[in-house]
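Below is one structure, written out as structure tokens; comments come after it.
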Amino acid sequence: MTVTERYIYVGGEVARPGRIVWTPDLTLTKAIQSAGGFTLYARETRVALVRERSAYEIDAQLALRHPEQDPHLVPGDSVQVPRSPF
């Protein structure tokens, strides 16, 4: 696998779900922005980061305010933005 074939996946309540080319500085919030940002219905406080069969819940609003809370992504990660119940 070459560097050009490394991707992460963003799905759920984003404007343009799909794969994004991974770069070493890619964080969760940058990946969401690359996917066109949140839709109107996104639940921004409960974003799921799936890595190696484990899921982590991330508050993307908190990550935007506090960059140290914004996890760096690795190739193969999947970001799922859930729909808000409201």
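Points to keep in mind about this one:
Results for (1) of a type in the set (S, T, N, Q); (2) in contact with a helix residue (DSSP H, G or I) (Cβ under 7 Å, 6 or more places away or on another chain), shown as yes or no for each residue.
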| site | (1), (2) |
| --- | --- |
| Val14 | no, yes |
| Asp25 | no, no |
| Thr29 | yes, yes |
| Thr39 | yes, no |
| Tyr56 | no, no |
| Pro67 | no, no |
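- The set of residues in region 17-73 being in contact with a strand residue (DSSP E or B) (Cβ under 9 Å, 6 or more places away or on another chain), of a type in the set (A, V, I, L, M, F, W, C) and open to solvent by 60 Å² or more (accessible area, probe 1.4 Å) consists of Val21, Ala55.
- When the residues of region 10-23 are filtered to those that are part of a loop (DSSP other than H, G, I, E, B) and touching a residue at least 40 places away in the same chain (Cβ under 8 Å), the one that is nearest to Val79 (Cα to Cα) is Glu13.
- Close contacts from region 50-62, counting a first residue that is on the phi > 0 side of the Ramachandran plot and a second that is loosely packed, with under 10 Cβ neighbours inside 10 Å and at pLDDT 95 or above, with Cβ to Cβ under 7 Å and a gap of 6+ residues or different chains, come to none at all.
The values are calculated or read from the model by the stated rules, or taken from the named source; none is laboratory data. Quick caveat: nothing in here was measured; it's all calculated off a predicted structure. Counting neighbours? That spans all protein chains shown, and the Cβs are built from the backbone with ideal geometry, glycine included. Heads up: the accessible areas ignore ligands, DNA and RNA and are worked out on the full protein's heavy atoms, side chains in. Shrake-Rupley method; radii C 1.70, N 1.55, O 1.52, S 1.80 Å.
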